[in-house]
Amino acid sequence: MTLLVIRHAESVENADKYNGFYQDPRPYSGAAAHTISRTIVGLTPRGFRQAQWLAGVLPQLAGAEPHVYTSTYRRAIDTAAVALPDLPDGWPLQTALLDEQHYGDVTYMTKRELYDSYPALAEDRRLRKHVWTAPGGGESLAEGVLKRAAEFAALAQAELQESRTVVAFTHQTAAVALRSLLESCSLTEILAEERKGKMPNAAILHYELRDGRFTRMGTTIPPI
C-alpha cells in the first residue's frame, strides 16, 4: 500500500518571489497577501511541464483508482489537475491539512520589514524558525503544520484500507512535517537536509505502508 507525497510544480512565486511578491515596503495587508498566495499564485510554464511529467510517471506509481488529495492552494490544485486528469468524479479532494504554512500578518514581508515590525519575534525567526509562530493567525512548523500533517498521515493510513494508493499534492513546509512523522526523524534533522537543498518542485516522496508503519522508498526527481 502506497503513499505518494508530491510538492506542487513550480509556481510564479517560486520563480520570481524576490522581484514580485516580496516588496519592501509590502504594498498590501497580511490578509490580502495570504489571499494572493492561496488563490492567485498558479504555475509557470516550467511548472506546467513538470506537471505533465508527473502525468507520465504517476500512473505506474499510483496504479488504478488512487485516492487523491490536494491542499486548498491553487498551485497544488492545478498541479493535480494536470498530473491526474482522468480521476473519477469527486476526486481529488481538497483538504487544509495539506496547506502551506500560514504566515499570518507577515505573509510576503521581507525579513527587514518583519524584524522592524515585530522585533520581539526576531530572535525566534532567525534562530528557531521551526518554533516561530507568525503573528495575526499564523502557525509554527513545529506545532500547527506538524499537527495538520499528523492528522493527514492518520487519514492516509485509514484510506489505505480502501485504496492501494493515496496521493497528496502539497507544499514544501507540509512535506517537511510529513517527512518528520513518517520517517521518525526530528524536524531539526529534516530542516538540516532542507538547508542543503529544498525538496524540488514536482518531486515525489514514495512511502509503503508495511505492518502499520510507513517506509520511505526514495524520492523521484523531475527531469526539468
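The values are calculated or read from the model by the stated rules, or taken from the named source; none is laboratory data. Just so you know, these numbers come straight off a predicted model, no measurement behind them. Because the Cβ atoms are built from the backbone with ideal geometry, glycine has one as well, and the counts that use them run over all protein chains shown. Protein only, heavy atoms only, side chains kept; ligands, DNA and RNA dropped before computing areas. Shrake-Rupley method; radii C 1.70, N 1.55, O 1.52, S 1.80 Å.
In this structure, Arg112 and Val57 have a Cβ-Cβ separation that, at R0 = 30 Å, corresponds to a calculated FRET efficiency of about 0.15.
When the chain is treated as a GNM with alpha-carbon contacts under 10 Å, the residue of Gly63, Gly138, Gly90 showing the greatest mean-square fluctuation is Gly90. Within the assembled protein chains, the solvent-accessible surface assigned to Thr188 is about 80 Å², based on a 1.4 Å probe.
Looking at the chain, the accessible area is 48 square angstrom per residue; that uses a 1.4 Å probe and ignores ligands, DNA and RNA. Count Lys and Arg as plus one, Asp and Glu as minus one, and take only other residues whose Cβ is under 11 Å from that of Ala76; the net charge is then +1. Every Cα-Cα pair in region 12-110 was counted, and those over 20 Å apart are 45% of them. Restricting region 146-224 to GluC sites (Glu not before Pro) that sit in a DSSP loop and have at most 15 other Cβ atoms within 10 Å of their own Cβ leaves Glu162, Glu183. May I ask for the distance between the Cα centers of region 9-46 and region 118-166, given as a whole number of Å? Between the Cα centre of region 9-46 and that of region 118-166, the gap is 21 Å.
Shown in residue order for region 29-41 are the 3J(HN,Hα) couplings computed by the Karplus curve 6.51 cos²θ - 1.76 cosθ + 1.60 at θ = phi - 60°: 6, x, 5, 5, 4, 5, 4, 4, 4, 7, 10, 9, 5 Hz (x for Gly and Pro). With a cut-off of 12 Å between beta carbons, the residues surrounding Leu155 carry a summed charge of -2, where Lys and Arg count +1 and Asp and Glu -1.
Kindly state, to the nearest 0.05, the FRET efficiency for Ser184 paired with Glu123, given R0 = 30 Å and r defined as their beta-carbon distance. The computed FRET efficiency comes out at 0.55.
The modelled label-to-label distance between Trp91 and Glu143, using points 7 Å beyond Cα along the C-beta direction, is 3.7 nm. Note on Gln157 and Arg213: their simple-model spin labels are 1.2 nm apart, each label 7 Å out from Cα toward Cβ. Between Thr39 and Asp16, the FRET efficiency from the beta-carbon distance, with R0 = 22 Å, is close to 0.80. The share of accessible area on region 1-130 that comes from carbon and sulfur is 52 percent, using a 1.4 angstrom probe.
State the number of lysine pairs found in the chain whose Cα atoms come within less than 20 Å, restricting to pairs 8 or more positions apart or on distinct chains. Pairs that pass both the separation and distance tests number 9. Applying the criteria of a DSSP loop state and at most 14 other Cβ atoms within 10 Å to the trypsin sites (Lys or Arg not before Pro) of region 80-160 yields Arg128, Lys129.
Between Ala153, Ala122, Ala177, the GNM of the chain built on Cα springs shorter than 10 angstrom shows Ala122 fluctuating the most.
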